[in-house]
Amino acid sequence: MFDIDKYLDDMRIKEFEPSESLVQKTKKECEKNMKPQKAQRRYHKQTSRKFGKGALIAIPAAAMLLVGVFLGAFLFGEKTDPSVVAFYTVDINPSVCVNVDENEIVQSVKSQNEDAEALLKTIDCVGLSVPEAVAKIIEAAKQAGFLDGDQKYVLIGRFGEGNEQALSDLQTLLDTKLGDLIDLLIVSGSLEDKLNADGLHVSAGLLILSQMADGVEITGDDKVADVVDEVNNTNQEKYLAPTLEAGANSEGVVLEWNELDFQKMGYTGKVSYHIMASNSELGIKNFDAVKIGKLDFMSTDDQPTRYFIDVEKCGVNGEKYKYYGIYAVYSGDIYVQSNVVKAIVPGPEESPKPSPSTSPEPSETPAPEPAEGLVSGYVDGEFVKLSWEKNSKDGFTGYKIVASKTNENPSYPEDGYLKYITNEGTTSKSLYEGYGGLKANTYYYFSVTYLYSDGSKIIGNAVWLKVPEKEEEPDPTDPPSGDMVATTIRGEMDGSAVYVSWDKIEHDHFAGYKVVYSYLDSTPVYGESNVYYTYITDPNVNSKVYSDITALKDYSSGATCYFSVTVLYNDPSTKVAGNVISFVAPESVPYPSTNISVSLSGNNVATSWTEITDERLQGYKVVASFTDSSPSYPENGYATWITDTTVTGYTILESYIKSLDGYEPGATCYFAITAVYDGKKVTGDADSLVYP
């Protein structure tokens with residue numbers, strides 16, 4: 001226990017003798033900061049108490065400095081050490097605080113939870129540089145199993161004055177050294193932020209991360225993945241990205257998009273549109289894309305709605321298509337993705353570049369006549385059920401379901417779209433009141449537009465159907481006003497995607513929805529084991545899309561996944577579970593591997609393999625090793641990362657071969673291909689040769 005009387009007695013400042021009133025005032029301030037009430041141990045951005053910079057202003061400057069250093073050290077769990085000028089937090093599941101001096105050299109390392117206590121017993125980081133220490137901590141966490149499976153998040157935070165470039169340098173080093181072995185997140189803050197977090201008994205890095213969205217709460221038991229999930233869900237629900245369209249002509253690619261209603265979002269401030277390009281759709285979705293442009297504006301300004309990419313920036317030689325997207329960035333750190341569009345890369349050989357034009361426009365072609373017999377539909381209960389013929393042409397990119405109240409032959413993009421389906425085998429869809437803005441008791445012309453990679457399209461015939469009203473759930477009793485009631489969930493499955501919605505809760509003490517799911521518990525309720533959740537704090541958000549049910553935790557082929565919504569109330573602290581719905585997960589499809597063949601080409605090594613045509617494939621890692629006869633990525637690193645899945649060969653240079661551990665003239669080198677899928681890596685059989 002901190003004894004303020006003893007501390008003030010021990011202060012050797014001859015010129016200063018505090019009065020009794022001053023001592024008492026200082027005591028109160030210290031006790032207030034050092035003993036947060038239980039209600040303050042949970043963090044909520046809208047109500048949290050900040051430690052004011054003037055909290056110890058009752059004593060003169062010299063004493064204020066000493067008391068401030070002591071109080072900060074007390075809350076940081078450190079001895080008083082004037083050489084410590086900054087703090088790094090490393091959050092995986094173990095949460096570690098690294099204390100550094102002005103030269104970014106580690107002075108001490110402290111655990112912030114039980115997992116970290118066990119981890120730090122195995123390593124010593126004192127005296128190392130920050131990059132060396134952080135890399136050592138991450139490697140120890142990996143060896144201990146904290147970075148296995150779905151958990152790849154590593155959150156690094158820096159708190160304090162001094163070297164502003166240090167965090168950027170650390171990020172660059174970790175990106176280079178660890179690559180896609182981890183999902184790296186970076187935050188920064190002040191010493192006051194660190195002090196605030198310690199007072200709330202949470203990691204400062206997680207506290208800053210949680211501030212990226214309103215309504216996200218954290219405790220000392222939260223993991224990085226939990227906070228990221230809640231922040232992403234909250235941001236995706238509150239903030240929007242524009243809907244992107246792409247057109248191409250001989251001069252380049254034109255991207256166009258709609259204006260956003262920032263006032264409706266409740267957002268005022270700076271907005272940045274990062275124009276991103278990638279060789280694959282997953283590259284955009286996984287934030288693994290190249291930024292080719294940036295548009296900054298204020299939410300009150302005229303919004304940009306168009307961006308032209310000249311032919312030289314569209315792609316590299318040999319690429320036929322390119323994928324584009326927009327990352328809409330709010331408040332400098334909240335990223336929301338647009339849809340992904342695919343465009344033909346114009347080539348000088350196919351389309352010679354004409355004289356420059358100051359305002360190139362996408363080429364327009366007359367809309368084709370509707371093709372009869374492709375689309376059919378009927379009304380069944382509360383659903384409009386559409387079906388259409390499966391595509392039979394090459395170059396297919398997707399189906400767009402369209403609807404119009406006035407156009408007898410609706411098509412995309414003229415009439416917008418309700419749903420974009422890229423799975424060629426999906427040929428039916430159930431629509432209902434509220435889906436895409438559809439209104440009950442209203443007739444619509446429904447159709448499907450078939451899209452192709454060369455920019456052509458086929459417009460299906462239209463069917464005229466009336467959208468029925470949603471069927472009301474039977475309610476045997478009307479609960480008294482003010483009761484804390486459950487909500488009713490409903491949903492549907494489309495391919496491997498699940499769409500759920502539920503009744504809104506209107507209650508003065510509403511605290512949030514926990515949308516829960518489980519493969520192992522047939523009656524999932526928030527807070528139970530083997531039950532996973534998404535947290536939504538806006539009472540008006542009453543739907544959720546799970547894009548791939550096979551990607552959810554504990555999935556097994558053909559298993560049943562159960563969904564429900566637990567409603568949280570905050571006065572008193574109450575959770576109320578609703579009904580349960582279930583879906584049978586599709587059968588799992590094996591992930592193919594490919595085998596490698598190698599031969600010498602001078603002192604280089606020529607490799608080749610069989611193409612994998614699985615649409616889930618993200619790319620190939622070409623792996624080589626002198627010490628492992630069955631090399632694979634990430635265990636043995638990689639010689640190159642190929643994201644064009646049609647490439648089936650690569651030449652490994654002599655310089656790379658000689659840089660490998662175990663190299664010596666006449667040694668045997670082993671080679672393999674690791675096929676990288678979304679969340680899965682599969683390595684084929686190895687081939688070898690004796691290197692000269």
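The values are calculated or read from the model by the stated rules, or taken from the named source; none is laboratory data. Note that the structure is a prediction, hence the values are computed from the model and not measured. FYI the Cβ positions are ideal-geometry reconstructions off the backbone, even for glycines, and counts take in every protein chain you see.
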When segment 165-193 is checked residue by residue, the ones that are at pLDDT below 75 and farther than 21 Å from Leu128 by Cβ are Gly179, Asp180, Asp183
Within segment 420-434, residues of a type in the set (S, T, N, Q) and within 27 Å of the chain's Cα centre (by Cα) come out as Thr422, Asn423, Thr426
Is it the case that Lys313 is at pLDDT below 75, more than 18 Å from the chain's Cα centre (by Cα) and surrounded by 15 or more Cβ atoms within 10 Å (Cβ to Cβ)?
yes
I want to confirm something. Restricting to segment 110-143 and keeping residues that are within 17 Å of Ser203 (Cβ to Cβ) and touching a helix residue (DSSP H, G or I) at 6+ places or on another chain (Cβ under 6 Å), which single residue is surrounded by the most Cβ atoms within 10 Å (Cβ to Cβ)?
Leu119
Residues of segment 585-604 satisfying the condition of being touching a residue at least 60 places away in the same chain (Cβ under 8 Å) and either surrounded by fewer than 17 Cβ atoms within 10 Å (Cβ to Cβ) or assigned to a loop (DSSP other than H, G, I, E, B) (or both)
Ala585, Pro586, Tyr591, Pro592, Ser593, Thr594, Asn595, Ser597, Ser599, Leu600, Asn603
Candidate set: segment 518-549, residues that are surrounded by 17 or more Cβ atoms within 10 Å (Cβ to Cβ) and of a type in the set (S, T, N, Q); chosen: the one nearest to Tyr569 (Cα to Cα):
Thr537
Within segment 400-438, which residues are of a type in the set (D, E, K, R), at pLDDT 85 or above and surrounded by fewer than 17 Cβ atoms within 10 Å (Cβ to Cβ)?
Lys405, Glu408
Wholly within segment 523-572, strands (runs of 3 or more DSSP E) carrying at least 2 residues that are under 27 Å from Gly434 (Cα atoms) and touching a Lys or Arg at 6+ places or on another chain (Cβ under 7 Å):
532-536, 560-570
Hey, among the residues in segment 605-635 that are over 27 Å from Glu281 (Cα atoms) and not hydroxyl-bearing (Ser, Thr, Tyr), which one's surrounded by the fewest Cβ atoms within 10 Å (Cβ to Cβ)?
Ala606
Consider Lys393 against the criteria (1) crowded, with 19+ Cβ neighbours inside 10 Å; (2) part of a loop (DSSP other than H, G, I, E, B); (3) modelled with pLDDT of 85 or more: it satisfies all of them except one. Which criterion is unmet?
(1)
Filter result (under 16 Å from Ser522 (Cα atoms) and touching a Phe, Trp or Tyr at 6+ places or on another chain (Cβ under 7 Å)) within segment 579-607
Val580, Ile581, Ser582, Ala585
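Table: residues versus (1) touching a Lys or Arg at 6+ places or on another chain (Cβ under 9 Å); (2) acidic (Asp, Glu); (3) not in a strand (DSSP E or B).
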residue: Cys97; (1), (2), (3): yes, no, no
residue: Glu102; (1), (2), (3): no, yes, yes
residue: Val106; (1), (2), (3): no, no, no
residue: Glu117; (1), (2), (3): no, yes, yes
residue: Gly127; (1), (2), (3): no, no, yes
residue: Pro131; (1), (2), (3): yes, no, yes
residue: Lys136; (1), (2), (3): no, no, yes
residue: Lys142; (1), (2), (3): no, no, yes
residue: Gly145; (1), (2), (3): no, no, yes
